[in-house]
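The values are calculated or read from the model by the stated rules, or taken from the named source; none is laboratory data. Keep in mind that what you see is a predicted model, and the values were worked out from it rather than measured. Every residue, glycine as well, gets a Cβ built from its backbone with ideal geometry; the counts of neighbours run over all protein chains shown. For the accessible areas, the whole protein counts, side chains as well, though only heavy atoms, and no ligand, DNA or RNA atoms are used. Shrake-Rupley method; radii C 1.70, N 1.55, O 1.52, S 1.80 Å.
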Amino acid sequence: MIEFIAQNMAPIMFFSLIVFMLLGYPVAFSLAANGLLFFFIGVELAPYSNGSINLSWPLLYALPERFWGVMSNETLLAIPFFTFMGIVLERSGMAEDLLDTIGQLFGPIRGGLAYAVIFVGALLAATTGVVAASVIAMGLISLPIMLRYGYDRRVASGVIAASGTLAQIIPPSLVLIVLADQLGRSVGDMYKGALIPGLVLTSMYMGYILLMSIIRPKSMPALPLDARTLGHGVTSLFAALVLAVAIAYAAHVYLSPTHGANADILGACVGVVVIYIAAILDRGLKFNLMSRLAQQVIIVLIPPLALIFLVLGTIFLGIATPTEGGAMGAVGALIMAAAKGRLSFAVIKQALASTTRLSSFVLFILIGARVFSLTFYGVNGHLWVEHLLVSLPGGEVGFLIAVNVLVFLLAFFLDFFELAFIIVPLLAPAADKLGIDLIWFGVLLGVNMQTSFMHPPFGFALFYLRSVAARVPYLDRITGKNIQPVTTGQIYWGAVPFVCIQIIMIGLTIAFPQMVMHYKGKQVDPSTIEIKMPEMPGLGGGLGGGLGLPPLGAPAPAQPGTAPAQPGTAPVQPAAPANDLTKPPSFN
């Protein structure tokens, strides 16, 4: 019995960890306690393990070095920077301004408010990277408006919860930073790989709203005329965009001779800055050359887009690392909040407290994971997991299906941080051995972990929305109608279609890996490379007569002053060199 336990320590340790967490103990302490407990057991059972346990007491001396490796990891510095940036932006009222403005822009069409929520959710994801901030902000602002104008409660709650989870997969997502760190890959490459899947998923959400607006038009009516406070003015907005494009193209042509490949980016920046200044002057000086709608859209939309470029653009162009990009984003968020007059000591205090709380949470889980992995690797747990996964039927496809089903089921119970720190380090070696690109594998897991926020009944996004959705009937302050509350069942059922869309997105990512693999740039096929020697006519030309040599098979040219060789006679031997090369040179 003792030999059996000693030789199967790895699976016993893994399932014991699951029991620890199901009992409700904090994840960080469950990891550390499980690791230390089985370390002591493993040292005592090592003589009975037939070599499968490689633990001894001196191995504990490695723990301080492993802890230092966590705390000196500069990649993880991006987490507090992006968290601070997101919380400051949420407190600055950017989400409120965006939802109001984009809702007015899309308001005249059916499902316009739902489109606005998805669009703003993608923008908030690209600026904040924090799911809780996005879901709570949109739940507080847009859910009452959608209920006021007759939206189906399931559609409204589902689209808000799903749009908030876009912060999981659209850079600068916190989970992508953690996944890149656990997989040993570049955060910048992970961001590049996740960008297109994030945009495709956003488009699929909008496609679902379009389909529902056709099938069930009464579930998402257009805004009534009296609710469109910014009036009309789409033509004016379109004319302003055309003017901005024209200015950007002219700037590109002007800057091309001096700035080369960077001229297109600089030209676009010039066009955006000019149209932004024009909109501010038009409003401030009351020229009224633009409509109120065009002014509001330009003034509200361009600052977050500029912040996205400041963060993601510098990372993608290789100008800044993700940590440096996060620092610039944090400074940019402070500037935006100050420009709106909403930066105060209370805002900074709240942002710092929330950032410290989340960063400490991540750090403690990482330290606990280091203790667990020390023991787990000592009992050859990584080899057990690798053999288990590599031997699955179906090869690479079977491995991907099994892993995604496993992560999908574990996401019912575990947070994405817990999945990233516990499960991913066990899956990565097997994926690498099967030849799977780890950036693609990380993005695939990121899309899958996104469902952890939407799973009824444990999805965190659903909990966030439940905390801000009305629980009792209330009187709407605009229309004076009695609005019924949103039930928990309606929130859960509203999330189900979006979970199905996320599952479809997992399949698309597996079927079309180039959505992610574009991060490598243009691939070169070695079989298409042709090496061709240049012609050298002045030196005899071609392969056969280069460097003054005769063509292959041809007699040597006659020396000046000698008769050409006659056919059938032996070739003339060249004259001996003037100096004897077998002796050292003479400098007399």
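Tabulated data
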item	result
Filtered residue count, the stretch 258-301, keeping only those that are farther than 23 Å from Ala337 by Cα, out of contact with any Ser or Thr (no Cβ under 7 Å at 6 or more places or on another chain) and of a type outside the set (D, E, K, R)	15
Long-range neighbours under 7 Å by Cβ, at least six apart or interchain, first residue more than 28 Å from Gln350 (Cβ to Cβ) within the stretch 133-155, second of a type in the set (Phe, Trp, Tyr)	Arg154/Trp493
Residue check for Lys192: of a type in the set (D, E, K, R), crowded, with 18+ Cβ neighbours inside 10 Å and in a helix (DSSP H, G or I)	yes
Which listed residue is outside any helix (DSSP H, G or I), open to solvent by less than 50 Å² (accessible area, probe 1.4 Å) and either modelled with pLDDT under 85 or in contact with a helix residue (DSSP H, G or I) (Cβ under 8 Å, 6 or more places away or on another chain) (or both), from Ile53, Ile79	Ile53
Filtered residues of the stretch 374-427 (kept if assigned to a helix (DSSP H, G or I), among the charged types (D, E, K, R) and surrounded by 15 or more Cβ atoms within 10 Å (Cβ to Cβ))	Glu386, Glu418
Extreme residue, most open to solvent (accessible area, probe 1.4 Å), among residues of the stretch 468-483 that are outside any helix (DSSP H, G or I) and aliphatic (A, V, I, L, M)	Leu475
Near pairs, Cβ below 8 angstrom, 6+ apart or cross-chain, from the stretch 377-388 (closer than 20 Å to Arg66 by Cβ) to any residue that is among the aliphatic types (A, V, I, L, M) and open to solvent by 40 Å² or more (accessible area, probe 1.4 Å)	Gly378/Leu59
Helices (runs of 4 or more DSSP H) enclosed by the stretch 220-318 - at least 2 residues per element that are closer than 30 Å to Gly111 by Cβ, without any contact (Cβ under 8 Å) to a residue 40 or more places away in the chain and open to solvent by less than 40 Å² (accessible area, probe 1.4 Å)	263-284, 292-308
Out of Phe67, Phe20, Phe40, Phe4, sole residue that is buried (at least 17 other Cβ atoms within 10 Å of the Cβ) and part of a helix (DSSP H, G or I)	Phe20
Pairs, first over 12 Å from Val175 (Cβ atoms) in the stretch 405-433, second of a type in the set (D, E, K, R), C-beta under 6 Å, six or more apart	Pro429/Glu386; Ala430/Glu386
